[in-house]
Amino acid sequence: MTTNSKQYFWNNIQKYWIIFAILFFASCAKKESLTTASFKTDSGWGYTIAYKEKVLIKQSIIPVISNAKSFETEDEALKVANLVKQKLQQNLSPTVTKNELILLKIKL
């Protein structure tokens, strides 16, 4: 291989590497995340989890407990919403256990 062809080869490698790096970081930056929001119910609070403005989960009552009861405070609803969001981001089941509600200090 001549010096010119080696230089041409390495210049092309550098160009492709730069293009790859730009595309890779641009795709990471555009990654849309899940959003949580609270809403008022007749008897308390609930939450929604959305992706690209499309609601995936709308929870108006406390999950797992036997009676249909809303969260007492907005803070409680958002605590559970953030737990479910975290599970979804980790590709885990979004189900919530009674023990998790107790650890989050949700009034049952």
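We did not get these values from a lab; they are worked out from the coordinates using the rules stated. Computed from a predicted model, the values in this text were never measured in an experiment. Cβ placement follows ideal geometry from the backbone for every residue including glycine, while neighbour counts extend to all protein chains displayed.
Explain nothing, just compute: Karplus ³J(HN,Hα) = 6.51 cos²θ - 1.76 cosθ + 1.60, θ = phi - 60°, for every residue of segment 50-62 in order, whole Hz, x for Gly and Pro.
Per residue, the Karplus-derived 3J(HN,Hα) values read 10, 9, 6, 6, 9, 5, 8, 9, 10, 10, 9, 10, 5 Hz.
Residues with amide H under 5 Å of residue 62's amide H, sequence separation 5 or more or different chain, H placed in the peptide plane at 1.01 Å from N; which?
It is 69, 70, 71, by chain and number.
Starting from the Cα of residue 43, step 7 Å along the direction of its Cβ; do the same at residue 98; then give the gap between the two resulting points in nm.
Placing both labels 7 Å beyond Cα along the Cβ direction yields 1.8 nm.
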